[in-house]
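Undergrad: Supplied in structure tokens, the structure appears directly below.
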Amino acid sequence: MKNIALVSIFLLMLLTDIHASVQPQKNFDLQRFAGRWYRVGLAYDSPGFVRYRSRLTISMGTVEPKENGNVNMTMWSVSSSGCYSKVYIYKKTSVPGVFTYYSTRHRRVKDVTVVETNYTEYALVLKHKKFNKEFTQVALYGRTKKLRADVMEKFRAYATAQGFPKDSILTPPAAALLIQPCHVYMMTDFSFLAEPQTE
């Protein structure tokens, strides 16, 4: 029992150190980050999400900076029941490239960090609740639905370094095109995932 406790403490310290060392993109520029993005990669190992992995598809969103420094994110998704458009709010912090949002699903505030981006091609984003691996995600976004092989490998390497097992690092296919009006919903949290929900 004592050994199990020591291992648990060690893992908690390791996870704390990982999140403490997370740094946002140097000189992050929100205006350059604005516009259309596709979520083309996701690392997420919450037990409750495992059964939805095969349903995951590439999703699209647009980042719209507001005058107060917050961000509106409009997200489009396609499911068996139709097309849906959702608007999420990303709240600024004192650190450029680091935002917070309240997850209505998990009922807690989470941190979102744009870890790396070149603005014109890709972005690596870490979403987490400090000290709790269950709520941590690494996502890869692209200006297009297909990125260079070395960028995809960068995403996999970063997710692996954050402790995600191989089977939780996903590169989903594109969603089937569905031509019909979208239903619009206003949300208070910001996620590039629509169905299934992971926020």
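Bear in mind these aren't lab numbers, they're just calculated from the coordinates by the rules spelled out. Quick caveat, the model's predicted, so the values are computed rather than measured. Heads up, the Cβs are rebuilt from the backbone with ideal geometry, glycines too, and the neighbour counts pull from every protein chain shown.
Undergrad: Of the listed pairs 92/166; 26/127; 92/154; 26/166, which have alpha-carbon separations greater than 23 Å here?
TA: Over 23 Å Cα-Cα: 92/166; 92/154; 26/166.
Undergrad: Separation between the residue 93 and residue 54 pseudo-spin-labels, each 7 Å from Cα along Cα→Cβ, expressed in nm?
TA: 3.7
Undergrad: A further question on this structure: How would the stretch 81-125 be classified by its alpha-carbon gyration tensor: rounded, prolate or oblate, with rounded meaning a/c under 1.5 and the a/b versus b/c comparison settling the rest?
TA: Working: a/c = 2.47, a/b = 1.21, b/c = 2.05.
The shape class here is oblate.
Undergrad: I need the shape label for the stretch 22-86. Rule: rounded when a/c is under 1.5, else prolate if a/b > b/c, else oblate, with a, b, c from the alpha carbon gyration tensor.
TA: Details: a/c = 2.68, a/b = 1.48, b/c = 1.81.
The shape class here is oblate.
Undergrad: Based on the mean of other beta carbon atoms within 10 Å per residue, what is the order of 66-76, 137-147, most packed first? Kindly include the intermediate steps, with their values, before the conclusion.
TA: Details: 66-76: 14.8, 137-147: 19.8.
Sorting 66-76, 137-147 by mean packing, highest first, produces 137-147, 66-76.
Undergrad: Expected output is a single nm value to one decimal: the length gained when fully extending between residue 27 and residue 102, i.e. 0.36 nm times separation in residues minus the C-alpha distance. What is it? Don't skip to the answer; put the middle values down first.
TA: Details: separation 75, 0.36 × 75 = 27.00 nm, distance 2.53 nm.
Computed gain between residue 27 and residue 102 is 24.5 nm.
Undergrad: Calculate, in nm to one decimal, what residue 118 and residue 148 gain on full extension: separation in residues at 0.36 nm each, minus their alpha carbon distance.
TA: Working: separation 30, 0.36 × 30 = 10.80 nm, distance 1.32 nm.
My answer for the length gained is 9.5 nm.
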